[in-house]
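Working notes for the structure below.
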Amino acid sequence: MTLAITPDTTVSVPAVVGADLRVPLVTGERVTYANLDHAASAPCLQEVRDAVDELLPWYASVHRGAGFASQVSTRVYEQARDRIRKFVGAHSSDTVVFTRNTTDSLNLLARSVPRGTAVVLFDSEHHAALLPWRGPNVQRIPSPSSSGAAVAALDRALAAAPVGPRLVIVTGASNVTGELWPVAELARVARSHGARIALDAAQLAPHRQINVRELGVDYVAFSGHKIYAPFGAGVLVGRADWLQQAQPYLVGGGATAKVTDHGDRLGVAWSAVPERHEAGSPNVVGVHALASACEILSRHWEQTVAHEQELLARLSDGLRTVPGFRELSILTDADKVGVVSFTISGFDAGFLAAALSAEYGIGVRDGAFCAHVIVGRLVKQAGSHEERAVRASIGLGTTAEHVDRLVAALRTLVTEGPKWTYTQRDGRWVPEDDSRTLPPFLA
């Protein structure tokens, strides 16, 4: 969908908790917090908080109690599977396994693939998708320069892959650059080679509608804390057969249908999926929050995309006016969600992030964003000797004032220097004589 957006467009989007949060500066002032770090963890939606508050009086054990509150909690937990299945457009036969986050989901999938499975992925993936796959049958494709090059590289890699089960891992949107990967085209290539494909949707799910059937993917994983439901839940949705055949990822209550004593050993009959991979007391609050966030976003996709694209254009245009600014990019022809990673010539990324926070009340991310391979490569291409960058990321809590404040602050820091003195402590830049105090609940 193409949206025509004028610079002064005002779009109504779901409200987030903490939109009016005021934070201290080293100067002694207080300002409204400019959260430009949504790609790391998004704030809680107000409607999600309300949904959690509504559930809490009924909170009880799931699958383990005959009491009425336990029945309510169990119903909430199981209904969430259908709510999330609908959110991603999954098949009715697809299983929905609740996890802690995307990392947990992808590690679960890695533990469940049949022995000898050939795994193919790009080296630009987040560590959560890059690291779980080990062994001689794992092929890492160097990051391509365009969407077409990505499709062609995958085609060649799968043609050369060993005979047997095959799995492709791909991100939906890069957490480094925000670029949207050609998932549907990659899925068509995977299917032509008899391979399955798993979608890391951690950065995609908060920004774009997902439809598993239209994309042609077999698995999708994402996290609550990225999608405005920061209550410790994530999900893996997809084909059940590999998960059903695998040993449980964790063992314990819930994963077991029956345990018998045979003297010198215990006999265990494992539960069927999804319970097979959900050992322990389920996080019903987190799961309810996640499902609620999915439904809220589903009602507001047009507004969400318009809001973020307007602010992304404003951010990109503004950053290009900062002396020494260089944006990191992988796919030169790709659309983007609201993520911009960059370097500024002559300035350490950690110093910039510290000064933006201490002097301007702006939250950004600095570092390699759990994607060290691709960030190291892109930063060097940008002409920096560091292996770190600054990332500004937009979400539902972002305003035009936040974007303008960041751009103005960077221009001031580059042209006039900081107003405060900074030093490095334990590898991080911190302001000297920092009199900012923590909130009372941490005192």
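The values are calculated or read from the model by the stated rules, or taken from the named source; none is laboratory data. Note that the structure is predicted; figures quoted are calculated from it, not measured. Backbone-built Cβ (ideal geometry, glycine too); neighbour counts: all protein chains shown. These area figures cover heavy atoms from the full protein model, side chains too; ligands, DNA and RNA do not enter into them. Shrake-Rupley method; radii C 1.70, N 1.55, O 1.52, S 1.80 Å.
Looking only at region 340-354, which residues are open to solvent by less than 20 Å² (accessible area, probe 1.4 Å), in a strand (DSSP E or B) and touching a residue at least 60 places away in the same chain (Cβ under 8 Å)?
If the condition is that a residue be open to solvent by less than 20 Å² (accessible area, probe 1.4 Å), in a strand (DSSP E or B) and touching a residue at least 60 places away in the same chain (Cβ under 8 Å), then Val340, Ser341, Ile344 are the ones that fit.
Select from region 312-339 the residues that are open to solvent by less than 10 Å² (accessible area, probe 1.4 Å) and either modelled with pLDDT under 95 or in a helix (DSSP H, G or I) (or both) and write down the one among them that is nearest to Asp37 (Cα to Cα).
Selected residue: Leu315.
State whether the residues of region 123-140 include one that is without any contact (Cβ under 8 Å) to a residue 12 or more places away in the chain, closer than 29 Å to Ala184 by Cβ and assigned to a helix (DSSP H, G or I).
no
Counting only residues that are open to solvent by 60 Å² or more (accessible area, probe 1.4 Å) and touching a residue at least 12 places away in the same chain (Cβ under 8 Å), which one in region 401-420 is farthest from Glu387 (Cα to Cα)?
Step by step, filter region 401-420, then rank; the result is Glu401.
Yes/no per residue for (1) over 22 Å from Cys294 (Cα atoms); (2) free of Cβ contacts under 8 Å to residues at least 12 places away in the same chain:
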residue	(1), (2)
Val76	no, no
Ala80	no, no
Arg83	no, no
Gly89	no, no
Ser92	no, yes
Val97	no, no
Asn101	no, no
Arg115	yes, yes
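Considering only residues of region 256-275 that are in a loop (DSSP other than H, G, I, E, B) and either farther than 30 Å from Ala195 by Cβ or without any contact (Cβ under 8 Å) to a residue 40 or more places away in the chain (or both), which is least open to solvent (accessible area, probe 1.4 Å)?
Here is the first cut: in region 256-275, the residues in a loop (DSSP other than H, G, I, E, B) are 262-265, 271-274.
Right, trim to either farther than 30 Å from Ala195 by Cβ or without any contact (Cβ under 8 Å) to a residue 40 or more places away in the chain (or both) and you get 262-265, 271-272.
Values: His262: 91, Gly263: 70, Asp264: 140, Arg265: 136, Ser271: 18, Ala272: 55 Å².
Going through the qualifying residues, I end up with Ser271.
Somewhere in region 390-400, is a residue among the basic types (Lys, Arg) and either crowded, with 22+ Cβ neighbours inside 10 Å or more than 28 Å from the chain's Cα centre (by Cα) (or both)?
Within region 390-400, one or more residues are among the basic types (Lys, Arg) and either crowded, with 22+ Cβ neighbours inside 10 Å or more than 28 Å from the chain's Cα centre (by Cα) (or both).
For region 227-255, give me the residue count where each residue is closer than 17 Å to Asp82 by Cα, open to solvent by 10 Å² or more (accessible area, probe 1.4 Å) and either free of Cβ contacts under 8 Å to residues at least 60 places away in the same chain or among the small types (Gly, Ala, Ser) (or both).
Just the residues of region 227-255 that are closer than 17 Å to Asp82 by Cα, to begin with: 233-240.
With the extra rule that they be open to solvent by 10 Å² or more (accessible area, probe 1.4 Å), the set shrinks to 239-240.
Next cut, either free of Cβ contacts under 8 Å to residues at least 60 places away in the same chain or among the small types (Gly, Ala, Ser) (or both) only: 240.
Adding up the residues that qualify gives 1.
Checking the conditions here, which among Val220, Val189 is open to solvent by 10 Å² or more (accessible area, probe 1.4 Å), among the hydrophobic types (A, V, I, L, M, F, W, C) and outside any loop (DSSP other than H, G, I, E, B)?
Val189
Table: residues versus (1) in contact (Cβ under 8 Å) with a residue 40 or more places away in the chain; (2) exposed (fewer than 15 other Cβ atoms within 10 Å of the Cβ); (3) within 30 Å of Gly280 (Cβ to Cβ); (4) of a type in the set (D, E, K, R).
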| position | (1), (2), (3), (4) |
| --- | --- |
| Pro24 | yes, no, no, no |
| Gly28 | yes, yes, no, no |
| Pro43 | yes, no, yes, no |
| Ala51 | yes, no, yes, no |
| His63 | yes, no, yes, no |
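Considering Ser105, Ser146, which residue is among the hydroxyl-bearing types (Ser, Thr, Tyr) and over 21 Å from the mean Cα position of the chain (by Cα)?
On the way: Ser105 fails: over 21 Å from the mean Cα position of the chain (by Cα).
Exactly one of Ser105, Ser146 is among the hydroxyl-bearing types (Ser, Thr, Tyr) and over 21 Å from the mean Cα position of the chain (by Cα), namely Ser146.
Collect the residues in region 304-320 that are in contact with a Leu (Cβ under 9 Å, 6 or more places away or on another chain) and more than 15 Å from Ser393 (Cα to Cα), keeping them in residue-number order.
Quick first cut of region 304-320, residues in contact with a Leu (Cβ under 9 Å, 6 or more places away or on another chain) only: 304-310, 315, 318-319.
Result: Ala306, single match.
Within region 276-302, work out how many residues are within 24 Å of Ala202 (Cβ to Cβ), open to solvent by 60 Å² or more (accessible area, probe 1.4 Å) and over 20 Å from the mean Cα position of the chain (by Cα).
Residues that pass the stated criteria total 2.
Filter region 92-110 for residues that are polar (S, T, N, Q) and assigned to a loop (DSSP other than H, G, I, E, B); which is most open to solvent (accessible area, probe 1.4 Å)? Full working, then the answer.
Pass one, region 92-110, residues polar (S, T, N, Q): 92-93, 95, 99, 101-103, 105, 107.
Filter once more, so that each one left must be assigned to a loop (DSSP other than H, G, I, E, B): 92-93, 101.
On the way: Ser92: 110, Ser93: 91, Asn101: 47 Å².
So, considering only residues that are polar (S, T, N, Q) and assigned to a loop (DSSP other than H, G, I, E, B), the one most open to solvent (accessible area, probe 1.4 Å) is Ser92.
Give the residues of region 111-148 that are crowded, with 18+ Cβ neighbours inside 10 Å and closer than 16 Å to Pro274 by Cα, sorted by residue number.
Passing the criteria: Ser112, Val113.
Give just the number: which of (1) modelled with pLDDT of 95 or more; (2) on the phi < 0 side of the Ramachandran plot; (3) outside any strand (DSSP E or B); (4) not aliphatic (A, V, I, L, M) does Gly89 not satisfy?
It fails just one condition, (2).
Give me the residue from region 160-179 that is open to solvent by 10 Å² or more (accessible area, probe 1.4 Å) and in a loop (DSSP other than H, G, I, E, B) and, out of that set, nearest to Ala334 (Cα to Cα).
Asn175
Looking only at region 369-386, which residues are surrounded by 21 or more Cβ atoms within 10 Å (Cβ to Cβ) and either free of Cβ contacts under 8 Å to residues at least 12 places away in the same chain or of a type in the set (A, V, I, L, M) (or both)?
Result: Ala371, Ile374, Val375, Leu378, Val379.
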